[in-house]
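To keep things clear, I will list the structure first and then write my remarks on it.
Nothing in this text is a laboratory measurement; each read-out follows from the coordinates by a stated rule. Quick caveat, the model's predicted, so the values are computed rather than measured. Cβ coordinates were reconstructed from backbone atoms using ideal geometry, including for glycine residues, and neighbour counts include every protein chain displayed.
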Amino acid sequence: MAQAEQAAGSFGLRFDNSYVRDLPGAWLEQAPRRAVAPKLLMFNRELAEELGAEPEALEARAAEVFSGNLLPDGAEPVAQAYAGHQFGGFSPQLGDGRALLLGEVIDRKGERRDIALKGSGPTAFSRGGDGFAAVGPVLREYLMGEAMAALGVPTSRALAAVATGAQVLRERPLPGAVLTRVAASHLRIGTFQFFAARGQGDMVKRLADYAIARHHPQALNAGNPYLGLFEAVTAAQARLVARWMGLGFIHGVMNTDNMTISGETIDYGPCAFMEAYAPGTVFSSIDRQGRYAYGNQPQILSWNLARLAETLLPLFDADEDRAVDLANARLEAIAGQFRAEWLAVMRAKLGLAGEEDGDGALIGDFLKALEGTDWTLGFHRLADAPDAAALAGLFADPDALAVWWPRWQARRAPDFAARMAAINPVYIPRNLRVEEALAAAEAGDMAPFHALLDVVTQPFGERPGLEAYALPAPQDFAQGFRTFCGT
Ligand code: AMP
Ligand code: MG
């Protein structure tokens, strides 16, 4: 296999690869496959600066660096090992089958961030896959991650997208691409499962110590730091899923290998934003049972955290029964913790200040009235409507809204409109727009993608001329819309 060249320089990036250094056994050395004719599609200059890079120097060589052809000094590419429950079934060995961790950099704020390639060729973990990714899914992940970041949701970020010049074989040949993403780390629930399933308790402990030091140092203050770690991951993930719910975001593949220890969203595959509100909404073509439907995400959060707890049991207590009791007490608390996070999000979305007993019912009744109505527009238009009648054309059930309105009027904060504008976006990546932009990009026209990225990375407040981006797709498109895992 053709080898990547070593660059004479680091482009200002300060690599310090703690995962490779501290966790031998959790990765395999792996060079990226050489791209034949790399062409830069996207470069996130602002993020490059945040990472401490010299943006001009990096941009000048970006096609080579972000295809994996040219390794910056300090990069040590590895494929990370992990396992995971996929749609409920356990796979003891998944791992980076089409991704590579280039290394970690210490950014301008002193934070440690992973830089990883996705679509850079086969690895020892590729199983039946080819290790490659196509332009469409790579740009989809780019767009979704950047939109989520702009919406204030913890997420991996996109640093670059490069077309490789080669084709990848899917249902039809597609142009190949590599995504460079940046995350607090790529530690997943599945990373813990990998070692637990192999009976490597010592590695689970090392990994837990590593995760505490890197993401949740406050866990050390707990009587048992591993219980502290579990509680910290629970808190971070509950907050995250509550944010998704507030935005109508459906991850689509909440497998345990796609759930991070840091609490960031990763692995934007068949994800999408719901338009008409229906709790059972599923877009993913492979999610036939609706396991990861919009309204199921909170239960799946608990289920996934239970899988994490199982890997940590021996660290909770040497006595197995006691360990299980400790775990169960925490698992039973998750639904309540999630509910509290969700209520906080929903109160903010409705412009409520403080907490009152009837808030849960007020929120619940609004959601009933919202069923069938565009989620994003429903919240956005509520803020400036003079009365319920003004929204009669938008809401599928205007009578329910009219009954609810005076209760909301009595409860909302004096500055509700400003509060709501700060949390309810006007612009989200709408499915039809995303599909159009990706189809154009695949055909070589990046203009619609640039335009859409610009819209969704400034999601709050109406901007003149962008009205069409705020509207849901026509019904016939929405009904047939499916997303695919095809990265
Ligand atoms: P995902 O659900 O997309 O996060 O991927 C689940 C697993 O499948 C991971 O181990 C991936 O590395 C692997 N995988 C997905 N697509 C490919 C591919 N084209 N080549 C090799 N491995 C893949
Ligand atoms: Mg994944």
Q.
Less than 11 Å from a label point 7 Å out along the Cα-to-Cβ axis of Asp384: which backbone N atoms in region 458-475 qualify, by residue?
A. 461-464
Q) Among bridges DSSP assigns within the chain, what percent are antiparallel (round to 5)? A) 90 percent
Q: Would you compute, for the Cα atoms of region 5-186, the largest minus smallest coordinate along each principal axis and list the three values in descending order, in whole Å?
A: 42, 37, 37
Q: Would you kindly state how much longer the chain becomes between Gln475 and Ala422 on full extension, computed as 0.36 nm times their sequence separation minus their alpha carbon distance, in nm to one decimal?
A: 16.2 nm
Q. What is the fewest-to-most order of Arg33, Arg21 by other Cβ atoms lying within 10 Å of their Cβ?
A. Arg21, Arg33
Q) Over all distinct alpha-carbon pairs, what is the Kirkwood Rh of the chain in angstrom? A) 23.4 Å
Q: Just rank Cys485, Cys271, fewest to most, by other beta-carbon atoms within 10 angstrom.
A: Cys485, Cys271
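Tell me the mean residue ellipticity at 222 nm calculated for the chain from its helices only (DSSP H runs of n ≥ 4, each -39500 (n - 2.57), averaged over every residue, nearest 500). Present the calculation step by step, with values, prior to reporting the outcome.
Numbers: 17 runs with 206 residues, N = 487.
Result for the chain: -13000 deg cm²/dmol, rounded to the nearest 500.
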Q) Taking neighbour Cβ counts within 10 Å as the exposure measure, how do Arg322, Arg112 sort from fewest upward? A) Arg322, Arg112
Q | Mean Cα-pair separation over length for region 5-186, i.e. relative contact order, pairs under 8 Å, 6 or more apart, % | A | 25 percent
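How large is the dipole of region 190-343 about the Cα centre if only Lys and Arg carry +1 and Asp and Glu carry -1, each at its Cβ, rounded to the nearest 20 debye? Mind dumping the intermediate values first?
On the way: 12 positive and 16 negative charges, 62 e Å.
Its charge dipole is roughly 300 debye.
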Q.
If I take R0 = 30 Å and measure r between the Cβ atoms of Glu54 and Ala439 in this structure, what FRET efficiency does the formula 1/(1 + (r/R0)^6) give, to the nearest 0.05?
A. 0.30
Q.
Using a Cα-Cα cut-off of under 21 Å, which lysines could be cross-linked to Lys118, ignoring same-chain neighbours fewer than 8 residues away?
A. Lys39
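Length gain on complete extension for the stretch Ala213 to Arg170, per 0.36 nm per residue less the alpha carbon to alpha carbon distance? Walk me through the numbers before you get to the answer.
Details: separation 43, 0.36 × 43 = 15.48 nm, distance 4.08 nm.
Once the chain is fully extended between Ala213 and Arg170, it gains 11.4 nm.
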**Q.** ³J(HN,Hα) computed for each position of region 410-420 - Karplus, 6.51 cos²θ - 1.76 cosθ + 1.60, integer Hz, glycine/proline x
**A.** 6, 9, 5, 6, x, 9, 4, 4, 5, 4, 5
(Q) Less than 27 Å apart at the alpha-carbon level, and either on another chain or at least 8 residues along: which lysines does that give for Lys349? (A) Lys368
Q. Under the Karplus relation 6.51 cos²θ - 1.76 cosθ + 1.60, θ = phi - 60°, what is the ordered set of whole-Hz ³J(HN,Hα) values for region 443-456, x standing for Gly and Pro?
A. 8, x, 9, 8, 4, x, 5, 4, 4, 5, 4, 4, 5, 7
